[in-house]
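A short write-up of the structure that comes next.
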Amino acid sequence: MVDPDSELAAQLRFDVPHAARIWNYWMGGKDNFQADRAAGDAVVQVYPEIALMALESRQFLIRVVRFLAAEAGIRQFLDIGTGLPTMQNTHEVAQQVAPESRIVYVDNDPMVLVHARALLTNSSAEGQTDYVHADYHEPELILAEAAKTLDFSEPVAVMFMGVMGYEPDLDVVRSIVGRVMDSVAPGSHLVLWDGTDTTPAVVEGANKLAESGGVPYILRSPDQLAGCFEGLTMVDPGLAPITQWHAEDPAAEHIDAYGAVARKP
């Protein structure tokens with residue numbers, strides 16, 4: 001029998017910058033190669049805050065998942081665009097608060113899938129963790145596969161964490177989010193953050209990423225991101241820099257990345 005992970009590994013190119021590995025590099029991880037580090041360094045030279053953004057994005061995820069599990073009573077999480085596993089992944093945070101939590105991770109990256117099979121496993125006996133290999137442009141497929149683990153008659157937290165910039169058309173982004181949220185129960189929550197075009201330096205950083213061979217990433221304005229939450233009720237403080245969403249330090253540093261949590265009525 002052919003090992004599916006060996007087939008996936010054969011698809012990997014280590015000489016071409018890879019989005020998930022570049023992000024891993026910025027976060028201080030070890031799952032990256034010279035091409036990834038070169039592309040990452042090109043961005044850092046003009047926008048050194050990118051490393052802080054990477055680290056703060058994980059802190060935002062931790063705060064959001066804790067809030068949803070502890071205060072909103074959510075027990076199901078659909079994390080779309082997972083990226084490479086790192087510290088304090090969604091299932092670890094959720095199951096620490098509520099051991100019975102069920103989590104489905106979604107990504108279309110073969111490298112992520114190989115790591116996910118090894119590392120994204122239950123941290124509690126009562127919970128369940130699974131992985132769907134799919135592209136976020138296929139929401140119906142994602143929902144069908146996730147339904148094998150999640151009960152869509154009950155509330156679900158749908159998470160798009162720093163991934164929607166890979167789709168250049170904002171209308172397509174809103175369509176993807178809307179199609180998923182239309183399929184989940186009332187009381188479900190949408191979590192979305194993304195990089196924003198709020199300073200010239202971050203825009204130059206995005207340009208350097210594309211010039212260095214990385215997959216281009218589209219930065220949007222906070223107002224454009226806010227349109228993804230249409231029809232939902234924002235949780236306080238609404239759309240805000242990710243460093244300031246439920247932060248312990250109210251004077252947390254501003255960053256060119258905005259996020260929000262919103263409830264489906």
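Observations on the structure shown:
- Its Cα gyration tensor gives the range 146-265 an equivalent ellipsoid; the semi-axes, largest first and in whole Å, are 26, 19, 12.
- GNM top mover of Thr196, Thr121, Thr82 - the chain, alpha-carbon springs below 10 Å: Thr121
- Order of His133, His246, His115, His18 under a 10 Å beta carbon neighbour criterion, fewest first: His246, His133, His115, His18
- FRET efficiency, 1/(1 + (r/R0)^6) with R0 35 Å, evaluated for Glu253 and Arg13 via beta carbons: 0.50
- When the chain is treated as a Gaussian network with alpha carbon springs shorter than 10 Å, the biggest mean-square fluctuation among Pro222, Pro99, Pro250 belongs to Pro250.
- Remark: the His246-Asn108 segment gains 46.6 nm on full extension, using 0.36 nm per residue and subtracting the alpha carbon distance.
- With a Förster radius of 41 Å applied to the C-beta separation of Ala144 and Ala51, the computed FRET efficiency comes to 0.65.
- For the range 80-192, the residue among Ala98, Ala146, Ala157 whose Cα projects farthest onto the positive side of the dipole built from Cβ charges is Ala98.
- Taking every alpha-carbon pair under 8 Å whose residues sit at least 6 apart, the chain reaches a relative contact order of 19 percent.
- Membrane-span-like helices in the chain, defined purely by DSSP H runs whose alpha carbon atoms cover 20 Å or more axially and whose average Kyte-Doolittle hydropathy reaches 0.0, are 50-70.
- Most mobile listed residue (Leu55, Leu113, Leu209) in the chain, GNM with C-alpha springs under 10 Å: Leu55
- Cα lying deepest toward the dipole's positive end in the chain, options Ser221, Met87, Pro241, charges on Cβ: Met87
- Projected label distance in nm at Gln128 and Val215, using a 7 Å step from Cα toward the beta-carbon: 2.8 nm
- Charging the Cβ of each Asp and Glu at -1 and of each Lys and Arg at +1, and nothing else, the dipole of the chain about its Cα centre rounds to 300 debye.
- Spin-label proximity, Thr121 to the range 66-103 - amide N less than 13 Å from point 7 Å beyond Cα toward beta carbon: none
- Note on the range 131-195: Cα-only Rg and Dmax are 11.7, 32 Å.
- Computed lengthening from Ala201 to Val172, 0.36 nm per intervening residue step minus Cα-Cα distance: 7.8 nm
- Normalised contact order of the range 54-136, rounded percent, pairs of Cα under 8 Å and 6 or more residues apart: 30 percent
- Hydrodynamic radius of the range 98-144 per Kirkwood, over alpha carbon pairs, in Å: 11.4 Å
Read-outs throughout are calculated quantities, based only on the coordinates presented, and are distinct from any laboratory measurement. Only a predicted model underlies this, so the values are computations on that prediction, with no experimental measurement involved. Because the Cβ atoms are built from the backbone with ideal geometry, glycine has one as well, and the counts that use them run over all protein chains shown.
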